[in-house]
1. List the relative contact order of the range B:6-65 as a percent without decimals, with contacts defined as Cα pairs under 8 Å and 6+ residues apart.
2. Given only helices, namely DSSP H runs of n ≥ 4 each adding -39500 (n - 2.57), what is the per-residue ellipticity at 222 nm of chain A, to the nearest 500 deg cm²/dmol?
3. When a/c reaches 1.5 or more, the comparison of a/b and b/c decides; with that in mind, is the range A:2-491 rounded, prolate or oblate per its Cα gyration tensor?
4. If one takes the longest principal axis of the Cα atoms in chain B, at what angle in degrees, from 0 to 90 and to the nearest 10, does the Cα axis of helix B:42-65 lie?
5. Full-extension gain between B:V142 and B:T69, please, as 0.36 nm times their residue separation minus the C-alpha to C-alpha distance.
6. What shape does the range A:391-493 have by the C-alpha gyration tensor, where a ≥ b ≥ c are the square roots of the eigenvalues, rounded means a/c under 1.5, and otherwise prolate means a/b greater than b/c and oblate the rest?
7. Treating only the Cβ of Lys, Arg, Asp and Glu as charged (+1, +1, -1, -1), what charge dipole size does the protein assembly as shown show about its Cα centre? Round to the nearest 20 debye.
8. Quick check on packing: order A:123-133, A:151-161 by the mean number of other C-beta atoms within 10 Å, highest mean leading.
Amino acid sequence: MIENFIAGTTALFGDPFTIGIFVFGVIGGMLFGAIPGVSMLTLAAILLPFTAGLEPAQGVMLFAVIYCTGTYGGAITAILFNIPGSPENAPTAFDGYPMTQKGQSGKAVGAAVLCSAIGGVASALVMMAATEPLANWAIRNIGPPEIFALVFFGLAVASSVGARTIWKGWMSVLIGLLIATIGQDPVGGINRYNFGLTDLAAGIAFVPAILGFFAVSEIFVQAEKTASGKYKAPKVSMTFPSFLELWMHKIAVLRSIIVGFLCGILPGIGATLAAFMSYGEAVRWSKNKDEFGKGKMEGVISAETANNAATGAAMIPLLALGLPGGALTAMMVAVFQMHDLQPGPLVFMLSPDLIWIVFAAMFYANLSILLIGLLETKTILNLLKIPFQFLAPLILMLATTGAYISRGLVLDVMVMFLAGILGYLLRRSGFSIPGIVLGLILGKIGEQNFAQGMQMVHYDLATYFSRPICSILILAGVLTLGSSIYRAFATAK
Amino acid sequence: MGRLTRSHLIEAVIFALIIAIFYGFSFQFNQPIEIYRFGATAWPRVVLLLLLIATLGNLWFQHKHGSATQGTIGQSDDEADFSEPGTIPRMVAVLLTPFVFAWLLKPVGIYFSAPFFIAAIIWLFGERRWKAILLMTVLIYVIFIGLFLVILNAPLPQGNVSPFYDFSAWILTLNAKLQGL
């Protein structure tokens with residue numbers, strides 16, 4: 001492994017053009033992640049056609065680097081503006097934004113920088129050491145029933161966070177699941193709820209929906225506060241967390257790395273579920289549960305460690321099985337295909353150089369988060385000083401472009417603004433936007449894997465639940481649901 | 001009525017309508033799938049059933065406890081405040097302006113409509129100094145053009161109605177000349 005890593009490092013830093021691409025990916029991912037209104041997916045969608053002119057290793061490496069640094073960058077907007085750069089940063093906003101409102105933005109961003117780097121580096125190391133055995137284990141033990149069970153568990157966790165009541169939490173998740181049914185059904189390809197619009201046959205695209213629910217709805221909330229005279233400019237603070245403060249959360253970091261890595265390894269689940277589950281676990285293990293959601297640093301640490309820990313793990317199903325774990329890894333498959341390559345077990349035999357350049361690049365990209373992240377944090381915090389009436393049109397313009405670019409459809413811009421209005425109205429009624437988005441993301445995956453699982457067991461539920469991992473995950477989901485309902489009834493005030 | 005308010009009932013009626021409409025439309029694709037016993041309708045209908053249960057549960061909770069919060073985790077927003085006069089018309093304008101902009105993208109294109117949209121949003125957010133509006137509109141437009149057109153060469157909607165299309169073509173020609181320098 002060490003020889004391969006050194007060979008990958010030499011190939012990465014031995015060519016000035018490859019170094020240039022690496023640096024571009026690091027800075028581009030961080031910037032696009034940290035600019036409210038666009039995300040790493042916007043950058044990736046714009047760059048996709050250009051990768052045809054690069055070497056295969058350079059193209060895949062560029063996307064892998066953007067994935068690592070963009071996942072961290074999205075935390076900045078989540079903390080400073082309550083606009084998660086991507087869905088995996090949504091739980092970061094639960095405590096990150098209240099910390100900003102309390103004048104602790106520097107501490108929140110500092111914790112996000114450090115924990116993203118730790119989670120990412122740890123994940124990259126495990127990825128390098130264990131891709132092959134883990135892929136073999138996953139092939140044998142993880143099938144559609146297990147993935148469906150994990151989706152159920154994830155939705156049970158998501159239903160208990162972010163909404164005003166447990167009922168509204170479940171309604172939020174179910175709204176997301178309902179939106180996900182628009183478009184072709186994943187088994188028979190039958191059009192559902194497309195209302196005669198051919199563009200809707202492919203379903204609601206994630207990027208415009210996410211931009212609408214997170215970025216546009218936040219603009220509308222702030223507009224309402226401005227109009228009603230309740231808008232308060234967030235306080236800027238440059239104080240970073242002390243070493244002692246971070247050391248106190250070492251258990252949370254370790255737990256989040258494990259949760260993030262285990263979620264990330266499962267195809268189709270990715271970093272979003274990792275962040276939600278890690279946040280949920282942090283709350284479950286905490287003695288001061290009531291402090292979560294009010295600006296507790298452990299909330300930021302848990303979400304940010306886990307989503308970056310999932311980035312390395314997400315490369316395992318992609319590289320070993322050819323299964324993408326999310327939108328960005330799906331674009332990586334396109335990069336492979338542009339160069340007549342197919343990700344999967346053969347890549348390890350046919351292109352080991354490519355694999356190790358990508359592994360080395362991800363390792364160094366996560367280290368760069370620490371170095372560049374700390375340097376740029378003070379600059380980024382100054383974004384808070386820009387009056388919101390000038391920041392809002394900039395965010396809306398960037399979001400419009402981000403929504404349009406992915407598919408070149410004006411319909412997507414319409415969908416984004418519609419999602420923005422819907423998100424605004426639902427937020428003001430106490431619903432959870434992250435819950436809706438998680439339902440939207442996991443809906444199709446859940447349905448597809450449920451259908452495949454039922455076909456596998458010939459519609460026999462007893463066989464379905466006799467699979468140990470599946471039954472454990474379903475039980476965990478039921479317990480999560482049961483405990484949240486109990487807590488809801490016990491603490492209604 | 002318990003602690004139910006009119007807004008609680010409106011919320012429940014809206015969700016009931018959504019469930020009814022989606023259930024009604026589910027008959028449009030109620031076809032069997034040879035390889036899958038449950039067909040294309042089973043999943044959406046289960047989701048609708050669960051949504052109905054959750055809506056009734058929510059209504060029951062509101063009947064018992066009003067708008068109280070429960071022991072959920074994470075950040076939830078404070079309630080909307082429309083007590084200040086003029087808030088509602090201004091919010092309606094804020095919500096509609098992006099739609100007008102999106103609707104104009106196809107015929108007018110983004111290059112022509114963007115400055116008007118930017119200025120409108122700044123104004124709707126309460127800025128009344130026309131010099132500041134003008135300056136910030138130009139600055140944001142330049143940032144937008146510089147990032148997406150000059151640096152990233154991203155394909156953006158150009159419009160299909162003259163003279164707006166000609167304006168977009170002129171911007172693109174300028175960019176091509178700039179790239180050639």
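1. 40 percent
2. -24000 deg cm²/dmol
3. Since a/c stays below 1.5, the shape of the range A:2-491 is classed as rounded.
4. The angle comes out near 80 degrees.
5. 21.7 nm
6. Taking the square roots of the gyration eigenvalues as a ≥ b ≥ c, the range A:391-493 is oblate.
7. 1880 debye
8. Answer by packing, highest mean first, reads A:151-161, A:123-133.
Coordinate-derived values only; no laboratory data. Note that the structure is predicted; figures quoted are calculated from it, not measured. A quick note on method: Cβ atoms are made from the backbone with ideal geometry, for glycine too, and the neighbour counts reach across all protein chains shown.
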